[in-house]
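The values are calculated or read from the model by the stated rules, or taken from the named source; none is laboratory data. Quick caveat, the model's predicted, so the values are computed rather than measured. No Cβ is skipped: glycine too gets one built from the backbone with ideal geometry, and neighbour counts run over all protein chains shown.
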Ligand SMILES: Cc1cc2nc3c(=O)[nH]c(=O)nc-3n(C[C@H](O)[C@H](O)[C@H](O)COP(=O)(O)OP(=O)(O)OC[C@H]3O[C@@H](n4cnc5c(N)ncnc54)[C@H](O)[C@@H]3O)c2cc1C
């Protein structure tokens, strides 16, 4: 395979390397059993060395005493505490390798898994706002009821500045009321969901129970306040973590700043050299820079716009699109297949008829058999800006699309709330409204003294405004994924409406969006649960008998 490739290792060298490589004799191989800092430093040498990676590992790490290789790798010690100490002892060595031979991107060569438990939704959203290099997963409000108590207390964040103020008892009373209402409504609503969508004989018990439970929790999630504690698991590279730590330090919320400090402590044990600058003068100054600019801009915005009343709008508003989109996208489709300039191709495409352009688009997109057959980069040539006004629950879901540019306004009660129509049909809406109205009064009351902290009270049912800018390629992904049957109705409606509004201005560009689902479903999760059931059955059939 690799004509000009060779690896000559002695038997002894092979013995030393063997625990850390997926093979010793081929030009493509994986690294195993090595701590992140070693892998990162090892790769960083690639750009300044003619040696193979195996040779670098041998000569510059395994045989270099200052690399503390034996201690760090733990293969020899098998003791986690020893490994952490060894990483710290060898920090100077790794810093020298990383700074001396690499650039900023070297910190992308090592990663860490970090679990953040018992954090509020304010903090969870602050983490998930990072887009590049971080992959989060969060406890679901659909599959997990959020009313379990610990030591007799609901799990919500007792915000310190509120708890130290005269608002503390009102804060707790409001949040208790929200969680009590959530708890009290689960059983009656589940009974109503079951009575409205009885199990059909072909549906399995497990699939039906899961789907009805998910539907019930979906309908009630609007009662959960932003203070609700959740768990977020994160995998990310060092560079992404370093930037995240700087951003967390710049937020107005004490909890989020403290979370950043805790994360730094843990990351310092796993990838210290990669996240170090978050706490140096450079990191601290960057955080101050972000914070100061944000505060000043907020004051300016208040001064300029504070007296203007917001007009009412629909949930989804396409505020900007490119009238030249079709020409640009078609030109981008042809571009890699010619040696002409982009300007020449655009001029040519401008002279084509709509039918001719559609033929080019259809050839490029081809036969899409599923939503995973995605159009290519030419579809990134045009953008759409949407202004959205929807419940916080929907924001939490759509916020997770990292390829978009998204910016939100504060969590507030100013735009009213959305109570699902099903609660009205089940005649349970009054209790929900009462808890939501009480939460609004409390938010306004606390907000007069502590505007940032008051956001913890706001329940997910309240509407908020956010702006998203996305290209056509991501629009295909988001609309098809988020309109799919198993999605939550509040974001399905947004995805469907985005599709309709883009269709109205660029019909030829969305003509291949075949997997947008414009139907309504009574039990969104049912089909997905039934598919899981079929898979489980197939797996059981394929397994040999256990006795
Ligand atoms: C029905 C449903 C239920 C869900 N339930 C949960 C839940 O319980 N908990 C939860 O945390 N999330 C949940 N999600 C959110 C989900 O995990 C995704 O984060 C979210 O849908 C964003 O879409 P995306 O990951 O496809 O990526 P986007 O951010 O929209 O990116 C578009 C595409 O770019 C690529 N891409 C983007 N970032 C990366 C990356 N870092 N590495 C590799 N490829 C990347 C992928 O191909 C991706 O599909 C749910 C989503 C749906 C639709």
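Quick notes
- Cβ-Cβ under 7 Å pairs, at least 6 apart or on other chains, the stretch 478-492 side under 11 Å from residue 519 (Cβ atoms), far side within 8 Å of the ligand (Cβ to nearest atom) and part of a helix (DSSP H, G or I): 492/482
- Filtered residue count, the stretch 185-212, keeping only those that are surrounded by 15 or more Cβ atoms within 10 Å (Cβ to Cβ), outside any loop (DSSP other than H, G, I, E, B) and touching a residue at least 60 places away in the same chain (Cβ under 8 Å): 9
- In the stretch 93-142, residue nearest to the ligand (Cβ to nearest atom) [restricted to those that are assigned to a loop (DSSP other than H, G, I, E, B) and free of Cβ contacts under 8 Å to residues at least 24 places away in the same chain]: 140
- Helices (runs of 4 or more DSSP H) contained in the stretch 287-393 and holding at least 3 residues touching a residue at least 24 places away in the same chain (Cβ under 8 Å) and under 21 Å from residue 474 (Cβ atoms): 325-334, 354-365
- Lone unmet requirement of (1) in contact with a strand residue (DSSP E or B) (Cβ under 7 Å, 6 or more places away or on another chain); (2) farther than 18 Å from residue 115 by Cα for residue 246: (1)
- Hey, residue 145 more than 16 Å from the ligand (Cβ to nearest atom) and over 30 Å from residue 44 (Cβ atoms) or not: no
- Taken over the stretch 229-257, the residue count meeting the criterion of being within 21 Å of the chain's Cα centre (by Cα), part of a helix (DSSP H, G or I) and either touching a residue at least 60 places away in the same chain (Cβ under 8 Å) or surrounded by fewer than 20 Cβ atoms within 10 Å (Cβ to Cβ) (or both) is 12.
Yes/no matrix, rows are residues, columns are (1) under 30 Å from residue 164 (Cβ atoms); (2) within 16 Å of the ligand (Cβ to nearest atom); (3) assigned to a helix (DSSP H, G or I):
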site: 437; (1), (2), (3): yes, no, yes
site: 447; (1), (2), (3): yes, no, yes
site: 451; (1), (2), (3): yes, no, no
site: 454; (1), (2), (3): yes, no, yes
site: 470; (1), (2), (3): no, yes, no
site: 479; (1), (2), (3): no, yes, yes
site: 490; (1), (2), (3): no, yes, yes
site: 496; (1), (2), (3): no, yes, yes
site: 503; (1), (2), (3): no, no, yes
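- Scan of the stretch 1-31 for residues that are within 27 Å of residue 90 (Cα to Cα) and exposed (fewer than 10 other Cβ atoms within 10 Å of the Cβ), ordered by number: 12, 30
- The single condition among (1) more than 20 Å from the chain's Cα centre (by Cα); (2) over 18 Å from residue 224 (Cβ atoms); (3) at pLDDT below 95 that residue 150 does not satisfy is (2).
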